[in-house]
Amino acid sequence: MAWSGYVGRRAGSALGQVGDLFVIVLEGLRRSWDVRRWWWEFVDQCWFLARVTSVPVLLVALPLGATVALQVGELARQLGAGSATGSAVFVGLIREVAPLASALLIAGAGGSAMTSDIGARHIRDELSAMEVMSVNPIHRLVTPRMWAASTIAVCLCPLVIVAGAAGGYFFNVVVQGVTPGAYFDGALSLVVASDLYVTLFKAWIFGFIAAGVACWKGMTCATSPVGVGRAVNQATVVTFMLVFTFNYVISAVYFLAYPPRSL
């Protein structure tokens, strides 16, 4: 009986937190049309996110592309299809690696800063003071951060693709001896325009998720420095879980609607 009561309380608490997340995200989107009220905060957040994620995402994408080219290149060479390595590298980068890498960098570098910033405002009662002055803290703080995160996540995707392709080129062409023409010809044989559109859509959605979760955790953290630290950790973990879940759902729907091409 005690165990069932504990499970019920935990389930009720989890549902309450999910409800808080949806309330904050939807309230943040509700006044998105009023751009003049959050434009400059949006610009500041875009600059901050671009500054803290652009170099790390390049450093992440280079070894990712190189690793894919190294592993797939060895397997393809054993099967007598070394020229197909470029296809595997570009397809993997465009369909999966680019949106995931940009989202994880947004969540890890930018989302943690958002959570700590809003959490610090929360424990100093700045959010309550904004409400007293008839300023909606969600419209003022959450809305520009969500749009900035989604914008920068979309902008990071080309960086990931270019850096990953450069890493794959080095290992496939320089190390493994495949000709550059075969590498790039194979790269373009399987990739279609819809792959890029879905990738940008994924990055856009993942940016919203990362910023929404970060702001939610910052606004609902315990009113202590320890609470802010725990909120940062929880926001990162929850964002990763949601990003991978939504990535699977979007990819499954896309493959059902547009079956992959064959060589």
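Worth a mention:
- For Ala88, the test of being surrounded by 15 or more Cβ atoms within 10 Å (Cβ to Cβ), modelled with pLDDT under 85 and among the hydrophobic types (A, V, I, L, M, F, W, C) is passed.
- Figure legend. Inter-residue proximity from segment 108-133: first residues over 21 Å from Leu242 (Cβ atoms), second residues open to solvent by 50 Å² or more (accessible area, probe 1.4 Å) and in a helix (DSSP H, G or I), beta-carbon distance below 8 Å, spacing 6+ or different chains. Indicated pairs: Ile123/Pro225; Leu127/Arg121; Met130/Arg140.
- Here segment 224-252 is the region considered, the condition is being over 18 Å from Met114 (Cβ atoms) and modelled with pLDDT under 90, and the residue that is farthest from the chain's Cα centre (by Cα) is Ser224.
- Only a single item in (1) surrounded by fewer than 24 Cβ atoms within 10 Å (Cβ to Cβ); (2) closer than 10 Å to Ser150 by Cα; (3) of a type in the set (Val, Ile, Thr) is not met by Ile209, and it is number (1).
- Of all the listed residues (Val228, Val243, Val232, Val213), the sole one being touching a Phe, Trp or Tyr at 6+ places or on another chain (Cβ under 7 Å) and either in contact (Cβ under 8 Å) with a residue 60 or more places away in the chain or farther than 23 Å from Arg140 by Cα (or both) is Val243.
- Inter-residue pairs, beta-carbon under 8 Å, first under 16 Å from Gly207 (Cα atoms) and open to solvent by less than 30 Å² (accessible area, probe 1.4 Å) and in segment 36-54, second assigned to a helix (DSSP H, G or I) and among the charged types (D, E, K, R), 6+ apart: Gln45/Arg145
- Test: residue in segment 125-132 that is β-branched (Val, Ile, Thr), buried (at least 22 other Cβ atoms within 10 Å of the Cβ) and over 15 Å from Thr220 (Cα atoms): no
- Leading residue by the ranking (nearest to Ala107 (Cα to Cα)) among those in segment 26-54 that are assigned to a helix (DSSP H, G or I) and of a type in the set (D, E, K, R): Arg51
- Residues in segment 137-189 that are surrounded by fewer than 20 Cβ atoms within 10 Å (Cβ to Cβ) and among the polar types (S, T, N, Q): Thr151, Gln176, Thr179, Ser189.
- Extreme residue, least open to solvent (accessible area, probe 1.4 Å), among residues of segment 114-124 that are among the aliphatic types (A, V, I, L, M) and more than 15 Å from the chain's Cα centre (by Cα): Ile118
- When the test is whether a residue is aromatic (Phe, Trp, Tyr) and free of Cβ contacts under 8 Å to residues at least 60 places away in the same chain, Tyr183 does not pass it.
- Residues considered: Arg95, Arg51. Of these, the only one that is among the basic types (Lys, Arg) and modelled with pLDDT of 85 or more is Arg51.
- Residues in segment 19-35 that are free of Cβ contacts under 8 Å to residues at least 24 places away in the same chain and open to solvent by less than 70 Å² (accessible area, probe 1.4 Å): Gly19, Val35.
- Qualifying residue in segment 204-218 (condition: out of contact with any Cys (no Cβ under 8 Å at 6 or more places or on another chain) and over 19 Å from Ser112 (Cβ atoms)): yes
The values are calculated or read from the model by the stated rules, or taken from the named source; none is laboratory data. Worth saying up front: this structure is predicted, and the values here are computed from it rather than measured. Positions of Cβ are backbone-derived with ideal geometry, glycine not excepted, and every protein chain shown enters the neighbour counts. Each accessible area value is taken on the protein alone, full model and side chains, heavy atoms only, with ligands, DNA and RNA left out. Shrake-Rupley method; radii C 1.70, N 1.55, O 1.52, S 1.80 Å.
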